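**Student:** Dropping the structure in here first, questions after.
Just so it is clear, none of the values below were taken in a lab; they were calculated from the coordinates. Bear in mind the structure is a predicted one, so any value in this text is a computation, not a measurement.
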Amino acid sequence: MTDGLGGAGAVLIGRFTPALWRLRVRGSVIHGRDCMASVDLSQPNDDDLVAVVPEPIDAASVLDFVSAPDSGAIVLFLGTVRNHSPGKTGITHLEYEAYEEVVEPKIREIVAEARQKWPVRRAAALHRTGELGVGEISVAVAVSSSHREDAFAAGRYLIDELKRRAPIWKKEHWPGGAEWVREDLADPAPTSDI
């Protein structure tokens, strides 16, 4: 599957302001301009980007969003689809579903918690839905802060808590079948003591 961008996936263009928190979609390109139908993301903080979308996630755009001249550290985590899981080999693809009315507010809550624990300058947490092939980015979490210790700790907290608490489900597919997987049961230990 190609996106017409040399595999770059979705692209966030431009800085967003409260009035422009709209996800503009044209193919797999997300624009900050009024060119197509939009989804209001209702972001509570100009320095946070939270989205659960079917479009590909572009890591460079996530980094661009969290970049700030007063930040000395940026941590980016990308979760990708792998070809195996515990007890299974030959995974061909994953399917993600989310509880749409709850998932983004829950992720915003997790971002707010990270902001209370560490001096986060900007934060982004994006997760894909739909069918994803091996190698595709399923989740991106990025944090900028003045210092690396805070950026690492906040980034770790965001991804761990998102995986544990966000209502997103994954179905693994392999040549012999498919199965829904509860990732929150695989690592029950919370990371709130980081």
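**Student:** Amide H to amide H, which residues 5 or more places from V50 or on other chains are under 5 Å from it, using H placed in the peptide plane?
**Tutor:** Distant-sequence amide H within range of V50: A125.
**Student:** Give me the orientation-averaged projected area of the Cα convex hull of the range 75-194, in nm², one decimal.
**Tutor:** 7.4 nm²
**Student:** Residue by residue through the range 85-93, what is 3J(HN,Hα) from phi via Karplus (6.51 cos²θ - 1.76 cosθ + 1.60, θ = phi - 60°)? Round to whole Hz and write x for glycine and proline.
**Tutor:** For the range 85-93, the Karplus curve yields 8, x, x, 9, 10, x, 4, 9, 6 Hz.
**Student:** Can you give me the long-range amide H partners of E136? Hydrogens built in the peptide plane at 1.01 Å from N, cutoff under 5 Å, separation of 5 or more residues or another chain.
**Tutor:** V81
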